[in-house]
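See structure below.
The values are calculated or read from the model by the stated rules, or taken from the named source; none is laboratory data. Source: prediction; values computed, not measured. Don't worry about glycine lacking a Cβ; one is built from the backbone with ideal geometry, like all the others, and counts go over all protein chains shown.
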Amino acid sequence: MYLKEFYIDNFRGYRKFKIKTDSNTNILTGVNNSGKTTILEAISLWNEIFSHLVILARKRDRNLNIFSGDYRFGKKGQNYIDYREINSVRSFGYKDIFYNLNNRATIKLSAKVYFNDTNEIEIGFIMKEANGNNYNVYLDNHDNFDFRSFNTQFRNPPQCIGCYFSTPVATIPSFEEFAIAPKIKEGIKIRQSSLFFRNRLFNLSKGDDFADFKSNLSRILYNETDCIDFNIKGDKSNDIYVSIDINIKNSGLRNISLLGSGTIQIIEILLHLYESKKELNIILLDEPDSHIHRDIQKRLLSFLKLSDVQVFLTTHNESLIRSANPNNLFFVDEEVSSTTPTIIEAIGKIKLPQRKIGIESSHHSKIINQIGSETSLDILNALEADKIIFVEGVDDSEYIQKLMDVKRIDKECVFWSFGGLDNLLSKIKHYKEFFESLGSNQSIWDKCSIIIDADFMTDTQKEKLKNELKNKLGISVFIWKSYTIEGTILLDDTKLEQLITMECSKQAVSKNQLEIKGSIANAIAEIKTEKLRLLNNDADLGRRVTGQIESRIKNLDDNLNIPRRRVYDNVTLPNLFNHYRIFSTQELNSNRVSHICNKEDVEKILESIYVELSLVKNPVFINYFSSVLNTVDFSSINSEWQELLDFIGE
C-alpha cells in the first residue's frame, strides 16, 4: 500500500499541483524556497486530518453503503479543528496555510492510495475558514465516496497509517523521566518525540525486535553488523529517570545525550518503524543531507526500501542527487502555482536527447543544472556511479535501463555509447588507460563493464571473444546470444507469447492462446524462410558478411592484440562465411531465429503479429520492440534478460 498520487490546491504556495509518486522512494529537489518542504507538510497535514476525522459509524447508512461498525470520516461538512492544535505545518497565524494568505480560499489535499493492480481509492480532504480559531475540515466528494472499498481495503482503522515527519534534532535532554504511553504518543504526534527518546528505546528493549533494531542501526551507521550496544538502566515502578549509555565499536560506554544530531535522527527513524508498523507507512525527511553523511543516507534509504515504507525526502545536495535513481528524483520548479493543473513525475520518465557516441545525457546533470549548480558535468555521474557500462548504441542503454527498472535493480549505472562494435573495439584500450588512472582507493576502470552484440558469430565464437576481452581488458563482458538486443525478444516463444497476451488484454483485444501462438509461429516461419534463402543463394550477403568478419579480425588484432585463431580457431579466411552459414542454417532449421534477426527483422516480425491480431502499436514509442518492452513485467523476463540483470547486479 502506498500513495500513488498526491494533489495540493490553495495550500501555502501551491495551487492545482499534483505529484505522481514512486511506491518506495521520492527525492524532492529544487532551488531554495521552491516549496519542497511544503509537499512534506501537505502529506503530513493530510494524514493529520485523516486521523482527526476517521470515526466509528454507530448506525447503518444505506445511501453511503456504511454498516454499523464501519469507519467513516466525520460529518458531511461541519468538523472543526483549532489551528493551534495542528502539528504538521509550520504556522504562526491562522492565515498562514492559505495560498497568498487568502483565508477565503478552499484548501484541498488529496491522495490516491494504491492497494493492488485492481484496487485504489482517492481520499481527499477540504479545509475552509470557520469561526474563531477553527478550520472546517471534511471529506471531499462525501456522498460519492466509496466507503465500502475504504472499509474493505483498510483492515485496521483508525490506526492504519503511520506518518512520521523527521526533522533535525540538535540535542536531547541530559535527563529524562519515565513517561506513560499516552504521553509518549502525544509527544510523537506534536513532533516533540526527542523529549521521549530514552523512553522509546527503553520500551523497545523489552521486546523481541531489539536485537534486530541494533543490528540494522549498526549497518546503517557503520556498514557493519553488531557494532552498537546499549546499557539501559531504570525501573518504571521504582525510578524517576531512565538512563541509557551507548557503546560503539567497543570504544566504551558514553551517555546517549552526547550523540550527534545525525545519529539521533537515524535512531528516531528506526524507532518509529519498530514502534508503529502500520498498513501504510510514510517517512518524511526534510533535508537530511544537512546533518547525515551521504553514505549513511544511502544505507538508510536502502534499508527503508526493504521495510515496506514510502519515503519522501527533500534535498538540494548534489552528491545525494547523483547517487539516486532518476526514477526516484523529482524536480520542484519555483512556479508550482498556476490556474491550470501542474503535474510532475520522476525525471526518469522524461526522455532526454541521447548522444550517438559518448557518455549518455544524464537526468542527474539536467536536474543539477536546474538547481543552479555549476558542476553539472556528465563525467561526474560516471565517476560516482556504481557501474559504467560500455554499449554499442544509445538504444541499448534505453532498453537495458527498462529491464533494470522492471526488476528494480538497485545499481546506479551510466551508459557510454560507441556507435557500433568495431568503434568500441578500436577505442576501448584507450579508455582503459584513462579510467585506470582515476580513483583513489580503486581505479574507476574496476567498475566498468561491456555489453555488446556479436554479429555473424557462432555461439562458440561469442564465448571465446568474451573470454579474450575479459582477459585483455580485466573487466566483465556480456555478449548477447542474439544478433542484437532487439533479437532477444525472439529467444523464448513462451515469454513472447506471454507478452503478446498481456498486450491483447491491455488493448481489450479478444484472442485465444491458439490464435496468439499461430500469429507468432507464422511471423517467425516467414522470416526463417527468407533467411534460409539468403544464406544459401545470395552471393552479395556472403561477400558482405565475409568483409565484416575480416574487418573485425583485423580490429581485434591491431587494437587489442587478439589474433584470429583465439576466436575463430583454425577457420581460414575464405571459409569464414561458410562456417557461419552452417551454424546459422542449423539454428534456423531448429526454429531459432534470434541469432540472425537484426532490428529491422524484429520490427517486421512484431508488426506482422500485431496486424494479424488486430493490435495497435503504442504511439508513444518509436518502434514495436520498445512498445512491447514497455509491457514487460517481473513474470515475463526471459532467461537472456535475466542473465543480463544478474550480470549487472554482480
Exercise. Can you find a residue in the stretch 63-76 that is within 18 Å of residue 131 (Cα to Cα) and outside any strand (DSSP E or B)?
Worked result: yes
For this session: Could you list all residues from the stretch 513-542 that are among the charged types (D, E, K, R), surrounded by fewer than 18 Cβ atoms within 10 Å (Cβ to Cβ) and in contact (Cβ under 8 Å) with a residue 12 or more places away in the chain?
Result: 515, 517, 526
For this session: State whether the residues of the stretch 409-422 include one that is in contact with a strand residue (DSSP E or B) (Cβ under 7 Å, 6 or more places away or on another chain) and polar (S, T, N, Q).
Result: yes
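If the requirement is being modelled with pLDDT of 60 or more, buried (at least 22 other Cβ atoms within 10 Å of the Cβ) and assigned by TED's automatic domain parsing to the domain that holds residue 438, which of these qualifies: 409, 389, 367?
Details: 409 fails: buried (at least 22 other Cβ atoms within 10 Å of the Cβ); 367 fails: modelled with pLDDT of 60 or more.
Answer to the check: 389.
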For this session: Say whether the condition of being more than 21 Å from residue 299 (Cβ to Cβ), among the charged types (D, E, K, R) and at pLDDT below 90 is met by at least one residue in the stretch 244-257.
Result: no
Exercise. If a residue has to be within 16 Å of residue 114 (Cα to Cα) and polar (S, T, N, Q) to count, how many in the stretch 138-155 make the cut?
Worked result: 4
Seminar exercise, completed: Here the residues within the stretch 16-69 that are among the basic types (Lys, Arg) and under 20 Å from residue 311 (Cβ atoms) are 18, 20, 36
Exercise. For the stretch 570-612, what are the residues that are acidic (Asp, Glu) and either touching a residue at least 12 places away in the same chain (Cβ under 8 Å) or not assigned by TED's automatic domain parsing to the domain that holds residue 549 (or both)?
Worked result: 601, 603, 607, 612
Exercise. Residues of the stretch 85-115 being β-branched (Val, Ile, Thr) and assigned to a helix (DSSP H, G or I), which ones?
Worked result: 97
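Within the stretch 27-50, restricting attention to residues that are part of a helix (DSSP H, G or I) and modelled with pLDDT under 90, which residue is surrounded by the fewest Cβ atoms within 10 Å (Cβ to Cβ)?
To start, the set of residues in the stretch 27-50 that are part of a helix (DSSP H, G or I) comprises 36-50.
Within this subset, residues satisfying the condition of being modelled with pLDDT under 90 are 36-37.
Details: 36: 24, 37: 19.
Result: 37.
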Seminar exercise, completed: For residue 78, the lone unmet condition from (1) in contact (Cβ under 8 Å) with a residue 40 or more places away in the chain; (2) surrounded by 12 or more Cβ atoms within 10 Å (Cβ to Cβ) is (2)
Exercise. Of all residues in the stretch 232-248, how many are in a loop (DSSP other than H, G, I, E, B) and surrounded by 12 or more Cβ atoms within 10 Å (Cβ to Cβ)?
Worked result: 4
Exercise. Restricting attention to the stretch 90-105, and to residues there that are touching a residue at least 60 places away in the same chain (Cβ under 8 Å) and under 11 Å from residue 135 (Cβ atoms), which single residue is surrounded by the most Cβ atoms within 10 Å (Cβ to Cβ)?
Worked result: 97
Exercise. Taking the stretch 7-26 as the search range and keeping residues that are surrounded by 21 or more Cβ atoms within 10 Å (Cβ to Cβ), under 22 Å from residue 325 (Cα atoms) and at pLDDT 90 or above, which one is farthest from the chain's Cα centre (by Cα)?
Worked result: 19
